[in-house]
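Asker: I'd like to ask you about the structure that follows.
The values are calculated or read from the model by the stated rules, or taken from the named source; none is laboratory data. The model shown is predicted, which means the values in this text are computed figures rather than measured ones. Here the Cβ positions follow ideal geometry from the backbone for every residue, glycine too, while neighbour counts run over all protein chains shown. Note: areas computed on protein heavy atoms with side chains; ligands, DNA, RNA excluded. Shrake-Rupley method; radii C 1.70, N 1.55, O 1.52, S 1.80 Å.
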Amino acid sequence: MGKRILIVEDDVMLAIDIAEALQEHGFTVLGPCVTAKDAMDMYEREKCDVAVLDIGLGKDTSEALAIRMKSEQVPFVVASNYMENHYPEAFVGAPSLPKPVHPQRLIALLQGAA
């Protein structure tokens, strides 16, 4: 069984594309989750080896989940339209990719993250 990857992305089409690419490379996909609440619930219920976090989720963010994951030493990759110098503190220093996410670059980051 491949690494368990939690996908948190509010752009449904992008989330599906990411999920499919990861599944094709042997990862087990959790989600995608489109809201911060769904993401936290999934994380608490399923646990994961690593996550792909979009920072902005509509009117909310995935910041609480990033803080929790950091405290539990669970790695994540940021996939966001935010400029790195505008990342909330919880995301600073995490591997990141701009959107739209190129699946091969994401897979390489995920393989090195967990």
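Asker: If amide H atoms are built 1.01 Å from N in the plane of the peptide, which residues on other chains or at least 5 residues away come under 5 Å of the amide H of SER96?
Answerer: VAL78
Asker: Shifting gears a bit: Counting only helical runs of four or more DSSP H residues, what would the 222 nm mean residue ellipticity of the chain come to if each run contributes -39,500 (n - 2.57) and the total is spread over all its residues?
Answerer: -11500 deg cm²/dmol
Asker: Å³ per residue of the Cα convex hull, for the range 66-114?
Answerer: 66
Asker: Please report, as a whole percent, how much of the solvent-accessible surface of the chain comes from carbon and sulfur atoms (probe radius 1.4 Å).
Answerer: On the chain, the fraction of accessible area on carbon and sulfur atoms equals 54 percent.
Asker: Let me ask something else. For LYS47, list the aspartates and glutamates whose Cα falls under 15 Å from its own Cα; do not include residues on the same chain fewer than 8 positions away.
Answerer: ASP38, GLU72
Asker: From the backbone phi of the range 9-15, what are the Karplus-calculated ³J(HN,Hα) couplings (6.51 cos²θ - 1.76 cosθ + 1.60, θ = phi - 60°) in whole Hz, Gly and Pro given as x?
Answerer: 7, 8, 8, 4, 5, 5, 4
Asker: Can you give the accessible area per residue of the chain, in Å², using a 1.4 Å probe?
Answerer: Accessible area per residue: 52 Å².
Asker: While we're here: What's the magnitude of the charge dipole for the range 8-114 around its Cα centre, counting Lys and Arg as +1 and Asp and Glu as -1 at the beta-carbon? Answer in Debye, nearest 20.
Answerer: Dipole about the Cα centre, nearest 20: 200 debye.
Asker: Run the 1.4 Å probe and let me know the accessible area of HIS86, rounded to the nearest 10 Å².
Answerer: Taking all protein chains as shown, HIS86 has close to 130 Å².
Asker: Another one. With θ set to phi - 60° and the Karplus curve 6.51 cos²θ - 1.76 cosθ + 1.60, what are the ³J(HN,Hα) couplings of the range 95-109 in order, to the nearest whole Hz, using x for Gly and Pro?
Answerer: Once θ is set to phi - 60°, the couplings for the range 95-109 become x, 8, 9, x, 8, x, 6, 8, x, 5, 5, 5, 4, 4, 5 Hz.
Asker: Among (i) 1.15; (ii) 0.93; (iii) 1.04, which one is Cα Rg over 2.2 N^0.38 Å computed from these coordinates?
Answerer: Matching entry in (i) 1.15; (ii) 0.93; (iii) 1.04: (ii).
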